[in-house]
Amino acid sequence: MTVERGDVTARRNNGRKRPKGYADWSPQAPARALLGQVEEILAEYADHLPLSVRQIFYRLVGRFDYEKTENAYERLSDKLVRARRARLIDFDAIRDDGVVTISPDWYLDVEDFWDQAARRARSYRRDREAGQPQLIELWCESAGMLPQLARVAAEFSIPVYSASGFLSLTATRQIADRALDGTRPTVLLHVGDLDPSGQSIFDAIAADAAAFVEADRVIQTLRIEPVRVALTAAQVSAYELPTAPAKATDGRSASWEGGTCQVEALAPDDLAAIVREAITSRMDMVRFAAEVTRESDDRRELLWSLPAGGTA
């Protein structure tokens, strides 16, 4: 089964400083009562967890006469974020993702199964990041750039993610969980616009995930290292890219120096070369070559093990 998710972020922060990682919270009586109702709903639907924030909202409306307005929904979203950061509600109980697409696996018949098995064997790939000193993830600001960047990253078994805005708490926590599920540091390579928003978005994501890792790690070598791959001021100058003043409506522009530039202004082949260099400079290429050789040997073994009808 294949699951694809598009993450979104909570839309309001009610004027508070955005927390990083876990954050203590002592809710007032109304908020405690609301969280109690949420716990009842989570218990009732325990076999269907995780629930989305929108699902919880409608259960509250139907069962507890919770206010059915967009403002009420945003207040609920805010409280559920605070409750998870305060460890009052399990992270795994709630998803605040956007679109979720589920594609089931199926076969026409046994022959079709073996045909698909043969196709998978012919395209067999090992994890080419295995044995590397770091775990690398590639992040881009624009979802539209995912296919282009994936073509570069796929050769190295590096996943590519998009963050077009501040990530949901669930997605940020998943970054931390991936980093904690191993024994090596995680490097987040980032491709985004050169502007106040593009920079602050990635900084916030990396700092938030890093705070979770620091709190939960049992191996001191586990950490998250953010790396800005593109777009940088030096690249704008080197490739003579067009710039524009920072938007006056963006509150972060006050401390911004120089012009702004969209990463799409960089030629695709130049961007691919920059990303490839950023990846290979952080990999042990001797180990990488060894994994590619093992992959070829594994593929031959898999093809030999298939029934004759599935190797055509």
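The values are calculated or read from the model by the stated rules, or taken from the named source; none is laboratory data. These figures come from a predicted structure and were not determined experimentally. Cβ sites come from the backbone with ideal geometry, for glycine too, and all protein chains shown count toward neighbours.
Quick one: would you say S168 is at pLDDT below 90, surrounded by 17 or more Cβ atoms within 10 Å (Cβ to Cβ) and farther than 18 Å from G21 by Cβ?
Working: at pLDDT below 90: yes; surrounded by 17 or more Cβ atoms within 10 Å (Cβ to Cβ): yes; farther than 18 Å from G21 by Cβ: no.
Criteria not met by S168.
Counting only residues that are in contact with a strand residue (DSSP E or B) (Cβ under 7 Å, 6 or more places away or on another chain) and farther than 15 Å from L138 by Cβ, give me the helices (runs of 4 or more DSSP H) lying completely in region 176-294 with at least 1 of them.
Working: elements: 196-216, 233-238, 268-280.
Counting at least 1 such residues, we get 196-216, 233-238.
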message: Cβ-Cβ under 7 Å, sequence separation 6+ or interchain: first residue in region 181-204 and charged (D, E, K, R), partner surrounded by fewer than 19 Cβ atoms within 10 Å (Cβ to Cβ). Which pairs?
response: R184/P133; R184/Q134; R184/T221; D193/Q262
message: Being at pLDDT 90 or above, among the hydrophobic types (A, V, I, L, M, F, W, C), loosely packed, with under 12 Cβ neighbours inside 10 Å and in a helix (DSSP H, G or I) is the requirement here; does A43 meet it?
response: yes
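Every residue, every condition in (1) assigned to a loop (DSSP other than H, G, I, E, B); (2) of a type in the set (K, R); (3) assigned by TED's automatic domain parsing to the domain that holds L34, yes or no:
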residue	(1), (2), (3)
K68	yes, yes, yes
L80	no, no, yes
D105	yes, no, no
F113	no, no, no
R119	no, yes, no
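State whether the residues of region 136-159 include one that is outside any helix (DSSP H, G or I) and over 28 Å from C261 (Cα atoms). If you could, list the steps in order and put the result at the bottom.
The first filter runs over region 136-159 and keeps only residues outside any helix (DSSP H, G or I), leaving 136-142, 157-159.
Among the residues that remain, those that are also over 28 Å from C261 (Cα atoms) are: 157.
There is at least one residue in region 136-159 that is outside any helix (DSSP H, G or I) and over 28 Å from C261 (Cα atoms).
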message: If I filter region 1-19 down to residues being under 19 Å from the mean Cα position of the chain (by Cα) and surrounded by 13 or more Cβ atoms within 10 Å (Cβ to Cβ), which single residue comes out as modelled with the highest pLDDT?
response: P19
Count - residues of region 116-160 that are over 17 Å from the mean Cα position of the chain (by Cα), among the polar types (S, T, N, Q) and within 20 Å of T186 (Cβ to Cβ): 2
- prompt: Out of all the residues in region 81-93, is one or more loosely packed, with under 14 Cβ neighbours inside 10 Å, without any contact (Cβ under 8 Å) to a residue 24 or more places away in the chain and closer than 20 Å to I175 by Cα?
  reply: yes
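Within region 55-71, can one find any residue that is more than 22 Å from D208 (Cβ to Cβ), surrounded by fewer than 18 Cβ atoms within 10 Å (Cβ to Cβ) and within 26 Å of the chain's Cα centre (by Cα)? Break it down stepwise before answering.
First pass over region 55-71, keeping only residues more than 22 Å from D208 (Cβ to Cβ): 55-71.
Add one more test, that the residue is surrounded by fewer than 18 Cβ atoms within 10 Å (Cβ to Cβ), and what stays is 55, 58, 61-65, 67-71.
So of that shortlist, the ones also within 26 Å of the chain's Cα centre (by Cα) come out as 55.
Within region 55-71 (the criterion being more than 22 Å from D208 (Cβ to Cβ), surrounded by fewer than 18 Cβ atoms within 10 Å (Cβ to Cβ) and within 26 Å of the chain's Cα centre (by Cα)), the answer is yes, since at least one residue qualifies.
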- prompt: Would you pick out the residues in region 94-114 that are surrounded by 18 or more Cβ atoms within 10 Å (Cβ to Cβ) and over 25 Å from Y22 (Cα atoms)?
  reply: W114
query: Checking R184 against (1) over 15 Å from the mean Cα position of the chain (by Cα); (2) at pLDDT below 90; (3) surrounded by fewer than 23 Cβ atoms within 10 Å (Cβ to Cβ), which test does it fail?
result: (2)
message: Take R173 and tell me if it is among the basic types (K, R), touching a Phe, Trp or Tyr at 6+ places or on another chain (Cβ under 7 Å) and in the same structural domain as A215 (by TED's automatic domain parsing).
response: yes
message: I'd like the full set of residues that are among the hydroxyl-bearing types (S, T, Y) and in contact with a helix residue (DSSP H, G or I) (Cβ under 7 Å, 6 or more places away or on another chain), limited to region 18-58.
response: Y22
message: Can you tell me which residue is nearest to the chain's Cα centre (by Cα) among those in region 20-40 that are among the polar types (S, T, N, Q) and exposed (fewer than 13 other Cβ atoms within 10 Å of the Cβ)?
response: S26
query: Has region 248-257 got at least one residue that is of a type in the set (S, T, Y), at pLDDT 90 or above and out of contact with any Pro (no Cβ under 9 Å at 6 or more places or on another chain)?
result: no
So E155, is it touching a residue at least 24 places away in the same chain (Cβ under 8 Å) and closer than 21 Å to A206 by Cβ: no
